[in-house]
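Every read-out reported here was derived from the displayed coordinates using simple, explicitly stated rules and does not represent laboratory data. Computed from a predicted structure; not experimentally measured. Using ideal geometry, Cβ is built from the backbone for each residue, glycine included, and neighbour counts are taken over all protein chains shown.
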Amino acid sequence: MAASGAQGGGGRHETPEERADRRWGELLQEVRVTQTGVQILFGFLLTVVFTPRFATLGSTDRTIYVVTVLLGAATTGALIGPVSFHRIVSGRRIKPQTVAWAARLTLAGVVLLLCTVTSALLLILRVALHNAAVPWLVAGIVAWLVLCWFGLPGWALRRYRPKD
């Protein structure tokens, strides 16, 4: 059984190398989508400090801004990490391990993106609304993102788990 589908749940008949190649291609497409959004968000965050309005922010809002920028930098690093990881280890015959580590970095990047979006939303709504409803609005959006990004995939994994 040279090309066993057992590793992939019996649905595909591919070698470990073919599976790693396929998974790497899929992962790259996912990273491309998130990288673009993160780079735009991070670029925007970097310019905020140079606007006249920034000087009028209170210490709490400045702290939220700094946290948001740091989270944005960490998110950018995690989502660019798979590319540099692959480039550095390319040709070393460890593609399955590379894919596994790149997938972990990407998931870490998505979690950090959730934190970055939460922090940015908190800052923007605090400045725009000056309202006690802001934490509730942010919590509602965070709940929606958690449902979309983690809840539905988790539900699908349980719902469509192969019967042993």
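General remarks:
- Angle in degrees between helix 134-146 and the longest Cα principal axis of the chain, rounded to the nearest 10: 10 degrees
- Annotation: amide H-H contacts under 5 Å for R12 (H modelled 1.01 Å from N, sequence separation of 5 or more, or interchain): none.
- Calculated log₁₀ intensity ratio I(q)/I(0) where the Debye formula runs over C-alpha points of region 22-91, q = 0.13, 0.23, 0.25, 0.27 Å⁻¹: -0.49, -0.99, -1.09, -1.18
- Three semi-axes of the equivalent ellipsoid, the chain, Cα gyration tensor, whole Å, largest first: 39, 20, 9
- Separation of the S90 and T47 label points, Cα + 7 Å toward Cβ, nm: 3.2 nm
- Distance cut-off 16 Å, percentage of C-alpha pairs in region 118-164 lying past it: 52 percent
- Peptides 56-64, 72-80, 38-46, ordered by how many other C-beta atoms sit within 10 Å of their residues on average, highest first, read 72-80, 38-46, 56-64.
- Mean separation of Cα contacts under 8 Å, 6 or more apart, over the residue count of region 1-115: relative contact order %: 30 percent
- Restricting the calculation to alpha carbons of region 50-143 gives Rg and Dmax of 17.7, 56 angstrom.
- Length gained when the stretch Q29-I141 is fully extended (0.36 nm per residue, less Cα-Cα span): 37.8 nm
- Spin-label model distance (nm) - R104 vs A128, 7 Å beyond Cα toward Cβ: 3.8 nm
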